[in-house]
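Okay, structure first, notes after.
Coordinate-derived values only; no laboratory data. All values reported here derive from a predicted model rather than from experimental measurement. We place every Cβ from the backbone using ideal geometry, glycine too, and count neighbours over all the protein chains shown.
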Amino acid sequence: MEIEKLVIIGSGPAAYTAAIYAARANLNPIMFEGFMSGPIGGQLMTTTDVENFPGFPNGIIGPKLMENMKNQAMKFQTRCLIEDVKSVNFDQKPYLIQGTKTKVLTHSVIIATGANAKRLKIKGANDNEFWQKGVTACAICDGAAPIFRDKQLFVIGGGDSAVEEAVFLTKYASKVFIVHRRDEFRASKIMAKRAIDHPKIEILYNSEIIEILGDNIVKQVLIINNKSNKKKSFEAGGVFFAIGHTPNISFLNNQLELEDNNYIKVKKGTTQTLKEGVFAAGDVQDHIYRQAITAAGTGCMAALEAERYLTNLGI
Ligand code: NAP
């Protein structure tokens, strides 16, 4: 069985950027793009306008951006497999990557499987309802869209992300409500204070959105106080989930060291995991920035680091 130089696992901005750089460096990468594990192309496949990716002054829709990246990766002969990786074996060398159909031996690996924003199954928030029609899971990506301007916006969560996103949304909203299920923030004290003191933010403690209503877009939310059981309707232009992300690592079967929050641990300032020749790029290792452009940046880093690793081995 031929031993590959590089396998890339994943298919978002990190994975395609890694593929473009690796393929242009003659590493002839094989890419497992996924199949059942989530949309090929990653989280941007479920967004509409992307207005903050440099190079597109008029914005670009998420799926088109990913199609462009994939075409660019394939132009340089990246071999794309539409299948999930079921398991890996990093205890042997060369490393073994087992897809649902294809088995590959490889000298190096870039993991770029991303993370999924957690969502709640609230009535009205699902894919065939108001998801991406006023309901999203990324205020930084979507908050500047015209549909949210001068509207009452609702952020669900009580962590640092919820506060950060709520403060970000005050730039566009008439008012921002943070809807938190408990009576105290999980966010750090300093972040929580930022929300509490903000004149455009109101915090609804012990509260849960139980229904999102509208016509073509979100118009209203129904909120229950989980202590008093009282329900109240609010006029609404948008609902933003900020209840955390889940990195896609189940196929690794505990073979890489992780951070406490289950993101893949990398050496500071690099994409090198604690297993040599295995690199991690994009949201599967980044719980702080989580942007398409930062994912693409670490995808580039991973490919350059993989190339250097292989060169040092004389491969
Ligand atoms: P997080 O800290 O895990 O907070 C998630 C929040 O969502 C919690 O308040 C939690 O409620 C709520 N939540 C979870 N499941 C829920 C459910 N089913 N229904 C309703 N609410 C639910 O996640 P995060 O805010 O995304 O932060 C992730 C990490 O990134 C943290 O380490 C954070 O400090 C860091 N971060 C830092 C910054 C910054 O420093 N600028 C910004 C963003 C994120 P409970 O509190 O009741 O559990």
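Estimate the FRET efficiency between S174 and S250 by the formula 1/(1 + (r/R0)^6), using the beta-carbon distance for r and 41 Å for R0, to the nearest 0.05.
Step by step, r from the Cβ atoms, then E = 0.50.
Sorting H107, H180 on the 10 Å Cβ count, fewest up front, what's the list?
If I rank by nearby Cβ atoms, fewest first, I get H107, H180.
Can you compute the modelled spin-label distance between E2 and K200, with each label point 7 Å from Cα toward Cβ, in nm?
With each label placed 7 Å out from Cα toward Cβ, I get 5.6 nm.
No partner Cβ under 4.7 angstrom, meaning no disulfide-compatible partner by this rule: which Cys of the chain qualify?
C80, C300
Hey, if you put +1 on the Cβ of every Lys and Arg and -1 on every Asp and Glu Cβ in the chain, which of G99, A18, S174 ends up farthest toward the positive end of that dipole?
Of G99, A18, S174, it is S174.
For an R0 of 30 angstrom, estimate the FRET efficiency from the Cβ-Cβ distance between R181 and I61 and round to the nearest 0.05.
Taking R0 as 30 Å, the efficiency between R181 and I61 is 0.35.
Along the charge dipole of the chain, pointing to its positive end and built from +1/-1 on Cβ of Lys, Arg, Asp and Glu, which listed residue (A112, N71, I156) has its Cα farthest out?
Farthest towards the positive pole: I156.
Can you list the DSSP H helices in the chain whose Cα atoms extend at least 24 Å along the helix axis and whose mean Kyte-Doolittle hydropathy is -1.0 or higher?
292-313
What does the net charge come to around Y21 if you take all other residues with beta carbon closer than 14 Å to its beta carbon, with K and R at +1 and D and E at -1?
So the environment of Y21 carries a net charge of +2.
Compute the distance in nm between two label points, each set 7 Å from the Cα along the Cα-to-Cβ direction, one at T270 and one at R308.
Going from the T270 label point to the R308 one covers 0.7 nm.
Quick one: grab the alpha carbon gyration tensor of the chain, order the square roots of its eigenvalues as a ≥ b ≥ c, and give me rounded if a/c is under 1.5, else prolate or oblate depending on whether a/b is larger than b/c.
prolate
Cut-off under 18 Å on the C-alpha distance; same-chain residues fewer than 8 positions from K268 excluded. Which aspartates and glutamates are left, in chain and number order?
E257, E259, D260, E276, D283, D286, E305
What's the exposure ranking of M36, M69, M191, going from fewest to most Cβ atoms within 10 Å? Before the final figure, lay out the partial values.
Details: M36 7, M69 23, M191 19.
Result, fewest neighbours first: M36, M191, M69.
In region 147-239, what GluC sites (Glu not before Pro) fall in a loop by DSSP, with at most 10 other Cβ atoms inside 10 Å?
E184
Relative to the present Cα-Cα distance, how much length would full extension add between I82 and D49 at 0.36 nm per residue of separation?
Using 0.36 nm per residue and subtracting the Cα-Cα distance, I get 9.3 nm.
Could you tell me whether region 119-241 comes out rounded, prolate or oblate from its Cα gyration tensor? Rule is a ≥ b ≥ c as square roots of the eigenvalues, rounded for a/c under 1.5, then prolate if a/b exceeds b/c, otherwise oblate.
oblate
Please state the shape class of region 1-72: rounded when a/c is under 1.5, otherwise prolate if a/b exceeds b/c and oblate if not, all from the C-alpha gyration tensor.
oblate
Run the helix sum for the chain: -39,500 (n - 2.57) per DSSP H stretch of 4+ residues, divided by residue count, reported at 222 nm to the nearest 500 deg cm²/dmol.
Numbers: 6 runs with 71 residues, N = 315.
Calculated at 222 nm, the ellipticity per residue is -7000 deg cm²/dmol.
Give the order of F32, F56 when sorted by the count of other beta carbons within 10 angstrom, beginning with the fewest.
Final ranking by Cβ density, sparse to dense: F56, F32.
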